[in-house]
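The values are calculated or read from the model by the stated rules, or taken from the named source; none is laboratory data. This is a predicted model, so every value here is computed, not measured. Positions of Cβ are generated from backbone atoms using ideal geometry, with glycine treated the same way; all protein chains shown enter the neighbour counts.
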Ligand SMILES: NC(=O)c1ccc[n+]([C@@H]2O[C@H](COP(=O)([O-])OP(=O)(O)OC[C@H]3O[C@@H](n4cnc5c(N)ncnc54)[C@H](O)[C@@H]3O)[C@@H](O)[C@H]2O)c1
């Protein structure tokens, strides 16, 4: 299959590129390298440095993909809060540019990196399934939800099949430890250097952490299914920031005691998603526990110092 992966030089996108290439697909990547890195790029992928906020229709015509896997995005929730228009530029207009160019080029399927935590907002029940009310509390979540609605529109008016994968908190090798997002990468990076990471507030806030290898498997399964719609990709397990800290410090062999800073105003307290629908639609379920995933992540950061 000819597949275009946008954001394929980033954390999740680059792992998906590797898996698609290993499965024998012909893969192209569009990325502007704003947070992505050329070192992540699989040498067998054809790379186009381009920005999805611009007109990319000529590029997409040249690539002529049967499937677009769209991972390019502005990923920082706090940036979206301080500059909603900037966030919408990449996450709404950029996504529309990719979909429109694809549809004009007879695209068959669109796989979209959506979000569970940011779309559901404060949950009424745990774990949240896909029919849980969507009440995003950040422009980032609003933009991701808007893109899901656009995809519904393109399905019904142009017959474009799509899968929106609503990820929980994804972590693993290659995640950027220098941003605001990605607490496991941030803690791992600091702890293996013997630095003190700061836990925001009491550390009891919990999230659903899904390992990047499991996320990749969902993206592989997404190629072969007839299903169109939204699927949570998660573990259904809640882990607190305090638990993460002690787990990572134990695995990295550093005896550093936790240090707490002020709580972040407006931070969501709990998030946890059900993956039952993904299991019944295409037999996906997470295989890697948080303990196993942290071990892999720490080993990778030790081998790839930054
Ligand atoms: N990491 C998570 O926990 C998580 C959770 C839910 C959803 N997602 C989504 O998964 C996708 C990948 O996230 P990630 O964690 O790998 O982040 P990432 O920052 O590593 O990947 C994003 C990639 O998109 C590229 N990019 C950004 N803006 C672009 C633009 N305007 N034009 C072209 N390329 C651009 C970046 O250079 C980067 O390579 C994003 O859509 C994100 O919203 C991530």
State yes or no: is residue 50 surrounded by 14 or more Cβ atoms within 10 Å (Cβ to Cβ) and in the same structural domain as residue 146 (by TED's automatic domain parsing)? yes
For the stretch 68-89: of the residues being under 18 Å from the mean Cα position of the chain (by Cα) and more than 9 Å from the ligand (Cβ to nearest atom), which is nearest to residue 115 (Cα to Cα)? 77
If you take the residues in the stretch 53-67 that are within 12 Å of the ligand (Cβ to nearest atom) and within 26 Å of residue 220 (Cβ to Cβ), which one is surrounded by the fewest Cβ atoms within 10 Å (Cβ to Cβ)? 59
Name the residues in the stretch 283-300 that are buried (at least 19 other Cβ atoms within 10 Å of the Cβ), under 19 Å from the mean Cα position of the chain (by Cα) and part of a helix (DSSP H, G or I), would you? 290, 293, 294, 297
Kindly indicate whether residue 194 is over 15 Å from the mean Cα position of the chain (by Cα), assigned by TED's automatic domain parsing to the domain that holds residue 263, farther than 16 Å from residue 244 by Cα and modelled with pLDDT under 95. yes
Run residue 92 past the list (1) over 23 Å from residue 231 (Cβ atoms); (2) within 12 Å of the ligand (Cβ to nearest atom); (3) surrounded by fewer than 22 Cβ atoms within 10 Å (Cβ to Cβ) and report the number of the one that doesn't hold. (1)
Tell me, yes or no, whether the stretch 264-275 has at least one residue that is without any contact (Cβ under 8 Å) to a residue 60 or more places away in the chain and assigned to a helix (DSSP H, G or I). no
Scan the stretch 8-22 and tell me whether some residue there is part of a loop (DSSP other than H, G, I, E, B), in the same structural domain as residue 63 (by TED's automatic domain parsing), surrounded by fewer than 24 Cβ atoms within 10 Å (Cβ to Cβ) and more than 9 Å from the ligand (Cβ to nearest atom). no
Given the stretch 146-208, what strands (runs of 3 or more DSSP E) lie entirely inside it while holding 1 or more residues that are farther than 19 Å from residue 288 by Cβ and touching a residue at least 12 places away in the same chain (Cβ under 8 Å)? 161-167, 198-200
Name the residues in the stretch 38-50 that are within 9 Å of the ligand (Cβ to nearest atom) and either in contact with a helix residue (DSSP H, G or I) (Cβ under 8 Å, 6 or more places away or on another chain) or without any contact (Cβ under 8 Å) to a residue 12 or more places away in the chain (or both), would you? 40, 50
